[in-house]
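What follows is a single structure, written as structure tokens, with notes after it.
What follows draws every value from the coordinates through simple rules; no lab data is involved. Small disclaimer: the values here were computed from a predicted structure and weren't measured. Here the Cβ positions follow ideal geometry from the backbone for every residue, glycine too, while neighbour counts run over all protein chains shown.
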Amino acid sequence: MSDVFNFSAGPATLPVDVLRQAQDELLNWNNQGVSVMEMSHRDPAYVRMAREAEQDLRDLLDVPDDYEVLFLQGGGRGQFSAVPQNIAAPDSTVDYLDTGIWSGFAIREAEKFVAKVNVAGHVKEGVKGKEIQSPDDWQLSDNAAYFHYCPNETVDGIALHDIPNVNAPIVADMSSNILSEPLDVSKFGVIYAGAQKNIGPSGFAIAIVKRDLLGSPQKQVSSIMDYQLQAKDGSMYNTPNTFAWYLAGLVFKWLKVQGGLSEMGRINHEKAQLLYDFIDKSDFYRNTVNPQYRSIMNVPFQLADDKLDAEFLAQAEAAGFKGLKGHRFVGGMRASIYNAMPVAGVKALLSFMADFERSQS
Ligand SMILES: *Cc1c(COP(=O)(O)O)cnc(C)c1O
């Protein structure tokens, strides 16, 4: 296992310690004599585990008391429709920043549920590469029910590192950057994330919702997506994905053992810096994002000669570096370096990249 490093964008690598623990207790969880997957979500032992996972997540992110933490289903895209249904009445206007592929999908989904989706700002080509329009140039609505953005665009490797300063409640799709560094949750109305990048198995999602946004009288929302109903029922209105919740709980405990989010942030910045420094020094590899907007989780890179892409990927795979192929919409390569990717994995990749460059010159 240790000779493969998995750079997949998602579903992504999980901490080996977590997988080992899950393996050890797969057939007999918590001395119950059955797997955690096989027992009622109402069983006191399961409920205890589930509440502990919530508390660990609250501790990690320092979630203020006036926020609900919800464990939901339907992944990141499920939340693309849950957000407008919960937070906006059908006749309202909402503001969205369009910073990449995932923002685009979120916008098209919101258009089904609200009268007007105003695209307030875009990505653009700047002198230093791709960047996000400056907030001074955003066209915000006066009466938006919320402002939505994706702080880390997973496909494009573009990030907005500063939390926007806007009047409307901020909704953020943090599917690929949640738990990657400390975060001031109090600045947000809703934070949501599909689980398969930094939390656990796919199909699962987390939403952190400020309580005063719950229960718009005009909202029309399907029950399993209803934040208020799920909050009232402890995220067990319907049978939750019990295994994913359990695994997420193990990941939260692992993060605490690593030293929490300030330590994860330090490591994540170190990994990203190693990659970007190497790529920037090379004429063989390049990254086209303005350094100020570069993601610390997803590092896309291209070969100067894209005819070598297939050879690069084949040799990388053979050398134990998995998941480096760029998203099918953009091509090229991408190294996703979520929390579970150790510094050693990045260093090994850099040494492979240097060898490949040498072998081609
Ligand atoms: C992966 C991802 C999604 C989609 O998640 P699904 O669980 O496949 O629906 C949404 N937003 C971002 C930013 C992502 O990285």
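Would you list, by chain and number, the lysines whose Cα falls below 17 Å from the Cα of LYS256, excluding same-chain residues fewer than 8 positions away?
Hits, sequence-local ones excluded: zero.
Calculate one ³J(HN,Hα) per residue across the stretch 205-211 by plugging θ = phi - 60° into the Karplus curve 6.51 cos²θ - 1.76 cosθ + 1.60, and present them in order as whole Hz with x for glycine and proline.
8, 10, 10, 10, 10, 5, 4
Over its Cα atoms, what ratio of radius of gyration to 2.2 N^0.38 Å does the stretch 42-93 give?
With N residues counted in the stretch 42-93, Rg over 2.2 N^0.38 Å equals 1.48.
Measure of size requested: the Rg and Dmax of the stretch 187-295, with Cα atoms as the atom set and Å as the unit; please supply both.
In Å, with Rg to one decimal and Dmax whole: 19.1, 58.
Which entries in the list LYS124/LYS219; LYS253/LYS325; LYS130/LYS281; LYS130/LYS210 go over 24 Å, if you measure between the two C-alpha atoms of each?
Distance filter (> 24 Å) returns LYS124/LYS219; LYS253/LYS325; LYS130/LYS210.
From the backbone phi of the stretch 155-168, what are the Karplus-calculated ³J(HN,Hα) couplings (6.51 cos²θ - 1.76 cosθ + 1.60, θ = phi - 60°) in whole Hz, Gly and Pro given as x?
Ordered by residue, 3J(HN,Hα) equals 6, 8, x, 10, 10, 9, 7, 9, 6, x, 9, 10, 7, 5 Hz.
Cross-link candidates for LYS112: which aspartates and glutamates have Cα within less than 12 Å, leaving aside residues fewer than 8 places away along the same chain?
LYS112 reaches ASP91.
Taking 22 Å as R0, compute the FRET efficiency from the Cβ-Cβ separation of VAL16 and VAL343 and round it to 0.05.
For VAL16 and VAL343, the calculated efficiency is 0.95.
Which FRET efficiency, nearest 0.05, do ARG266 and SER40 yield, Cβ-Cβ r, R0 30 Å?
After rounding to 0.05, the efficiency reads 0.15.
Return the Rg/Rh ratio of the stretch 303-343 with Cα-based radii and a Kirkwood Rh.
Dividing the radius of gyration by the Kirkwood radius yields 0.99.
Under 5 Å between amide H atoms, partner at least 5 residues away or on a different chain: which partners does ALA335 have, H built in plane at 1.01 Å?
Counting only residues 5 or more places away or on other chains, the set is VAL299, PHE301.
Take every Cα-Cα pair in the stretch 231-294 and report what % of them are more than 16 Å apart.
So the pairs more than 16 Å apart make up 67 percent of the total in the stretch 231-294.
When the Kirkwood hydrodynamic radius is evaluated over all pairs of different C-alpha atoms of the stretch 260-360, what value in angstrom, to one decimal, is obtained?
Across the stretch 260-360, the inverse of the average 1/r is 13.9 Å.
Add +1 for every Lys or Arg and -1 for every Asp or Glu among the other residues with Cβ under 10 Å from the Cβ of HIS327, and state the total.
Once positives and negatives cancel, what remains is +2.
Once phi is turned into θ = phi - 60°, what whole-Hz ³J(HN,Hα) does the Karplus curve with 6.51, -1.76 and 1.60 give for every residue of the stretch 63-72, x standing for Gly and Pro?
Working through the residues one at a time gives 6, x, 5, 8, 10, 8, 10, 10, 10, 10 Hz.
Under a Cβ-only charge scheme (Lys and Arg +1, Asp and Glu -1), can you give me the dipole magnitude of the stretch 260-360 about the Cα centre, in debye to the nearest 20?
Using Cβ point charges on Lys, Arg, Asp and Glu, the stretch 260-360 gives about 280 debye.
Tell me the chymotrypsin sites (Phe, Trp or Tyr not before Pro) within the stretch 305-339 that lie in a loop according to DSSP and have at most 14 other beta-carbon atoms within 10 Å.
PHE329
At 0.36 nm per residue, and after removing the present C-alpha to C-alpha distance, how many nm does the segment from ILE163 to ASP3 gain when stretched out fully?
The ILE163-ASP3 span can extend by a further 53.8 nm.
Restricted to Cα positions, what overall size does the chain have along the principal axes? Three whole-Å values, descending.
Principal extents (Cα only, largest first): 65, 57, 31 Å.
Which percent, nearest 5, of DSSP beta bridges in the chain are antiparallel?
Given both bridge residues lie in the chain, the antiparallel proportion sits at roughly 60 percent.
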